[in-house]
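K.L.:
What follows is a structure written as C-alpha cells; I'll ask about it next.
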C-alpha cells in the first residue's frame, strides 16, 4: 500500500501552517483526497506541490527562517543544535527519508523539522533541544531506508 501523508505531516515537513495548506487546497495548488473527514496526500502529489515555483519559493523562505531563527535566538538556558542534511536521492528515497522524520517528530518536543525535495536532492533541517536532535540523528544514521 502506498504511503499517504496527512495535512499535519505536510505542515511539519514544509513549515507551512495547516491554515495555509487549506488555502492552497482551495486555490488548487495542493490536491488530495478526503477520507473519513481527513485529508490524505500521495507521494506524487506532495512532489508536484513542492515542485510548484510559487510553493518552492515559500519552502525556501521557510527553510531559511528555521536557520535564521536558530542563529538569531538569544542564548537559551539549555543546549540547542541545528543540523542541516543535504542528500542526493531519488524521489522514492526522499519520500522514505521524509516519512522517517515525520514519524520521529511525532514524539519530539522542542524540535523544529523542515524537509524539501528538489531536482533529485533533499534537504532536512532539524533545530532545537540538542539531546533530542542528537537522538533523532542517531536513529537516522542507523536506519535502513533502502
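K.L.:
Which of the numbered conditions does residue 66 fail, given that it passes all the others? Conditions: (1) surrounded by 11 or more Cβ atoms within 10 Å (Cβ to Cβ); (2) more than 13 Å from the chain's Cα centre (by Cα); (3) modelled with pLDDT under 85.
P.N.:
The single condition residue 66 does not satisfy is (2).
K.L.:
Filter region 86-120 down to the residues that are part of a strand (DSSP E or B) and touching a helix residue (DSSP H, G or I) at 6+ places or on another chain (Cβ under 8 Å), then identify the one that is surrounded by the most Cβ atoms within 10 Å (Cβ to Cβ). Before the answer, list the steps.
P.N.:
To start, the set of residues in region 86-120 that are part of a strand (DSSP E or B) comprises 86-88, 111-117.
Subset that is touching a helix residue (DSSP H, G or I) at 6+ places or on another chain (Cβ under 8 Å): 87, 111-117.
Numbers: 87: 13, 111: 20, 112: 19, 113: 22, 114: 22, 115: 27, 116: 21, 117: 25.
That would be 115.
K.L.:
Determine if region 16-34 includes at least one residue that is touching a residue at least 24 places away in the same chain (Cβ under 8 Å), surrounded by 11 or more Cβ atoms within 10 Å (Cβ to Cβ), closer than 22 Å to residue 110 by Cα and under 15 Å from the mean Cα position of the chain (by Cα).
P.N.:
yes
K.L.:
Tell me which residues, restricted to region 124-144, are without any contact (Cβ under 8 Å) to a residue 40 or more places away in the chain, touching a helix residue (DSSP H, G or I) at 6+ places or on another chain (Cβ under 9 Å) and surrounded by 14 or more Cβ atoms within 10 Å (Cβ to Cβ).
P.N.:
The first filter runs over region 124-144 and keeps only residues without any contact (Cβ under 8 Å) to a residue 40 or more places away in the chain, leaving 132, 135-136, 138-139, 141-142, 144.
Then drop every residue that is not touching a helix residue (DSSP H, G or I) at 6+ places or on another chain (Cβ under 9 Å), which leaves 135-136, 139.
Across region 124-144, the qualifying residues are 135, 136.
K.L.:
State whether one or more residues within region 63-73 are in contact with a helix residue (DSSP H, G or I) (Cβ under 8 Å, 6 or more places away or on another chain) and in contact (Cβ under 8 Å) with a residue 24 or more places away in the chain. Lay out the reasoning, then the answer.
P.N.:
The initial filter retains those residues of region 63-73 that are in contact with a helix residue (DSSP H, G or I) (Cβ under 8 Å, 6 or more places away or on another chain), namely none.
No, there is no match, as no residue in region 63-73 is in contact with a helix residue (DSSP H, G or I) (Cβ under 8 Å, 6 or more places away or on another chain) and in contact (Cβ under 8 Å) with a residue 24 or more places away in the chain.
K.L.:
Shifting gears a bit: Looking only at residues that are buried (at least 17 other Cβ atoms within 10 Å of the Cβ) and part of a helix (DSSP H, G or I) in region 35-47, which one is nearest to the chain's Cα centre (by Cα)? Explain how you work it out, then say what you get.
P.N.:
The initial filter retains those residues of region 35-47 that are buried (at least 17 other Cβ atoms within 10 Å of the Cβ), namely 39, 41, 43, 45-46.
Subset that is part of a helix (DSSP H, G or I): 43, 45-46.
Numbers: 43: 13, 45: 15, 46: 11 Å.
So the residue we want is 46.
K.L.:
Now, a different point. On the basis of being surrounded by 16 or more Cβ atoms within 10 Å (Cβ to Cβ), modelled with pLDDT of 90 or more and outside any loop (DSSP other than H, G, I, E, B), does residue 81 make the cut? Explain how you work it out, then say what you get.
P.N.:
On the way: surrounded by 16 or more Cβ atoms within 10 Å (Cβ to Cβ): yes; modelled with pLDDT of 90 or more: yes; outside any loop (DSSP other than H, G, I, E, B): yes.
Yes; evaluated as a whole, the condition is true for this residue.
The values are calculated or read from the model by the stated rules, or taken from the named source; none is laboratory data. From a predicted model like this one, the values you see are computed outputs, not experimental measurements. Positions of Cβ are generated from backbone atoms using ideal geometry, with glycine treated the same way; all protein chains shown enter the neighbour counts.
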